[in-house]
Amino acid sequence: MNAEPVLSVRELVVRFATDAGTVHAVNGVTFDVGAGDAIGLVGESGSGKTVTSLAVMRLLPKAGRIVSGEVVFRGKELTTLSEHEMRGLRGKEISMVLQDPLSSLNPVLTIGEQIAEAIRAHEDVGRRAARERAAELLGSVGIPGAGDQLERFPHQFSGGMRQRVMIATALVLHPKVLIADEPTTALDVTVQAQVLELLHELTKELGTAIVLISHDLGIMARMTRRITVMYAGFVMESAPTVELFARPRHPYTVGLLGSIPRAGADGELRPIEGAPPDLERAPVGCPFEPRCARRIAACRETMPPLVPAADASHLVACHNPVPS
Amino acid sequence: MNARVPLLSIDDLRVHFPITKGVVLRRTVGQVQAVDGVSLELSEGETVGLVGESGSGKTTLGRAVVGLYRPTSGSIAFRGTDLGTIRSEDAKGVRAQLQMVFQDPFASLDPRWPIGASIGEPLRIHGVGNRRERRTRVGELLDVVGLPRRMAGRFPHELSGGQRQRVGLARALALRPALIVADEAVSALDVSVQAQIINLLQRLQREFGLTYLFIAHDLAVVHHISDRVAVMYLGRLVELASGSDLYGKPLHPYTVSLLSANPVPDPAVEARRQRIVLPGDPPNPASPPGGCRFHTRCWLRERLGSPERCASEDPPLRGLASGHTVACHFAEEVADSPVQRHAVGAGD
Ligand SMILES: Nc1ncnc2c1ncn2[C@@H]1O[C@H](COP(=O)(O)OP(=O)(O)OP(=O)(O)O)[C@@H](O)[C@H]1O
Ligand SMILES: Nc1ncnc2c1ncn2[C@@H]1O[C@H](COP(=O)(O)OP(=O)(O)O)[C@@H](O)[C@H]1O
Ligand code: SF4
Ligand code: SF4
Ligand SMILES: [Mg+2]
Ligand SMILES: [Mg+2]
């Protein structure tokens, strides 16, 4: 493990108050990101990936609340920071890229204005200088004719161009951490490759640590050094990427890998039967228990802690892990 | 080869959409050549996968097959009968043989109807059986797609995405079709549910001898389910081959880049493969490039010193190996090249 993580999330619990009751969205999530490192959060929809990242950024919607846990960024506890202090960090120290850039870009501002605004929110530079930086930035992400493009509005850009702009904007102030939540899910394979390449190049050049969120195990294999697997708001397993694919220990991870068609693995897929649990019920025991072929008596009683499996870097939360 | 008539033959199909301007005085200012000269045959019981970038014409082709779009030119024949010239009293019966399932069955299910009514609707429209018989058939269809019969009374919003997709399938199966066009039918589903639906599709195919035209952007899913795979680019078919040939020995430069760009869930392959990242976005299908439509982004053309032929002459689909056709003037350069091997992540 890296010496000193730049971002460390500990036992994070987030709940939503809704008309129907309490949604237990995140139930004790723990992970670390070292400086310049690339880690992945993987899980199916509703597993709490987005809520986790919004909580780290302190951007939860009104109904959402961090109930307990810690988010430590370079030694500073973020969960108790004032909104004013948080604003100084967001976009400058920790940045975020979302799945659908249209929803995070302001439709009535030109692309140039948006980037310039992001710069001027944190740095005391003039309009002209900010605009020049914006033009430079568009050029650096492979958008040709940067000067003219600055005058265009977000809807005049293709999905791939918008996502490149978002990534560039998120990195313009050289943050220490970038959280990218399904940044290419809406894109075509070839455009996705462009965006992933850009993400990789820029974060490497700037030494930015990246938390990549995706349900796509192929992207995880390509982009990350370590993977944290989430299910129903819990961390089920966390291991170096190569190790996780080679020796998954958690029954859910094994099920996930058996569900995806892979070259050379012909024959029927081995899906996980059943469906994920209802998060409106307070979790008791292991949330995977109703679908798990390896369940034992203890599984209904207590949620197993996340502990080292074979070696210290491979963590598993399971009473009866798959033998390696 | 036997001389049997294919289940479906698509011949030089064109589906163009007019681009109109003006609200009061609508005038046509151009044509989107969504599908532009596609020929493809499907044999009984096989699955043909269809891949290609967004806007390449996959959905348009699928919708034309089930009769939701009228061909601008060319023909579609079902068991030898041209659907364009069929007598109208026969048309209904033939149409019933061709069904489609969509990415979001939510959109095709009436939110105010219990799902049992939606599944039974095609039966009602085609006047199959009486009320009781239809109810029994709906029950059977629920069994077939693995939903409990008591779910017939539920409404679409009360179901999960995977359950809704099972309902969409049940509805498509109601009239005992021969061919199902599945347009991104598993794309919106989580991987564990996606795998359940893929297995279901394969079981239904074995049970009922179904033929599938399976449209999806997920290359691994298409590989898994398809016997043959067709690749589209800007309204054209650019490559067609068996699954193992297309994924193992792709011949069209576009297919090569598509495969090389596709992330695979194997860190060892990802670490060693060389990706070909295409520049720019796909061109606008309203004004596709002349000559080879891929020439504005083609890495092979660049390596060959930008031959003029690519920009001036439209490459026809031609057979290069048995059962393997490709539309590229220079596909021989790709065959057995290191680029081809690296793109598919094969070791040295
Ligand atoms: N009804 C229509 N009217 C006008 N243009 C259309 C219509 N339907 C499709 N098109 C255009 O035809 C082209 C092909 O569209 P189509 O939906 O077939 O693509 P696709 O390959 O299915 O893409 P995706 O992967 O995004 O589903 C696109 O440029 C699209 O905008
Ligand atoms: N604003 C909200 N109000 C109530 N519940 C929410 C809200 N946002 C998310 N949730 C719930 O929190 C859980 C985790 O959601 P999310 O983090 O978005 O999942 P993921 O990103 O992994 O798909 C889900 O059950 C979701 O329905
Ligand atoms: S704790 Fe028990 S139920 Fe949960 S994954 Fe492990 S064996 Fe299965
Ligand atoms: S014909 Fe020329 S431009 Fe088209 S794919 Fe082949 S090499 Fe590329
Ligand atoms: Mg999400
Ligand atoms: Mg489509």
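The values are calculated or read from the model by the stated rules, or taken from the named source; none is laboratory data. Nothing here was measured: the structure is a model prediction, and the numbers come from that model. Note that each Cβ is placed from the backbone with ideal geometry, even for glycine, and that neighbours are counted across all protein chains shown.
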Legend entry - Whichever residue in the stretch A:184-207 is away from chain B (no Cβ under 11 Å) and surrounded by 23 or more Cβ atoms within 10 Å (Cβ to Cβ) and, among such residues, is nearest to A:R291 (Cα to Cα): A:L199
Legend entry - Odd one out for B:M100, checked against (1) in contact with a strand residue (DSSP E or B) (Cβ under 9 Å, 6 or more places away or on another chain); (2) away from ligand 6 (no atom under 12 Å from the Cβ); (3) more than 20 Å from B:V238 (Cα to Cα); (4) not in a loop (DSSP other than H, G, I, E, B): (2)
Legend entry - Those residues of the stretch B:200-242 which are of a type in the set (A, V, I, L, M) and assigned to a strand (DSSP E or B), in sequence order: B:L213, B:I215, B:V229, B:A230, B:V231, B:M232, B:L237, B:V238, B:L240, B:A241
Legend entry - Pair list, Cβ < 9 Å and 6+ apart or interchain, from the stretch A:21-33 residues that are closer than 21 Å to A:H314 by Cα to residues that are assigned to a strand (DSSP E or B) and within 14 Å of ligand 5 (Cβ to nearest atom): A:N27/A:V14; A:V29/A:V14; A:V29/A:L41; A:V29/A:M230; A:F31/A:L41; A:F31/A:V211; A:V33/A:V211
Inset, instruction - Taking the residues in the stretch B:177-211 that are charged (D, E, K, R) and more than 18 Å from B:E46 (Cβ to Cβ) as candidates, determine which candidate is surrounded by the fewest Cβ atoms within 10 Å (Cβ to Cβ). - result: B:E184
Legend entry - Residues of the stretch B:240-282 satisfying the condition of being in contact with a Phe, Trp or Tyr (Cβ under 6 Å, 6 or more places away or on another chain), farther than 21 Å from A:P261 by Cα and either surrounded by fewer than 24 Cβ atoms within 10 Å (Cβ to Cβ) or facing chain A (nearest Cβ under 7 Å) (or both): B:I276
Legend entry - Failed condition for A:I219, given (1) within 16 Å of ligand 5 (Cβ to nearest atom); (2) under 30 Å from A:A20 (Cβ atoms); (3) hydrophobic (A, V, I, L, M, F, W, C): (2)
Inset, instruction - Kindly check whether there is at least one residue in the stretch A:256-266 that is away from ligand 4 (no atom under 16 Å from the Cβ), at pLDDT 95 or above and more than 8 Å from chain B (Cβ to nearest Cβ). - result: no
Legend entry - Residue count, the stretch A:276-306 (criterion: within 14 Å of chain B (Cβ to nearest Cβ) and in contact with a Gly (Cβ under 7 Å, 6 or more places away or on another chain)): 4
Inset, instruction - Look through the stretch A:163-190, keep the residues that are farther than 20 Å from A:G36 by Cβ and hydrophobic (A, V, I, L, M, F, W, C), and return whichever of them is nearest to ligand 4 (Cβ to nearest atom). - result: A:V189
Legend entry - Residue match in the stretch A:214-229 (condition: surrounded by fewer than 24 Cβ atoms within 10 Å (Cβ to Cβ), within 14 Å of chain B (Cβ to nearest Cβ) and farther than 26 Å from B:A271 by Cβ): no
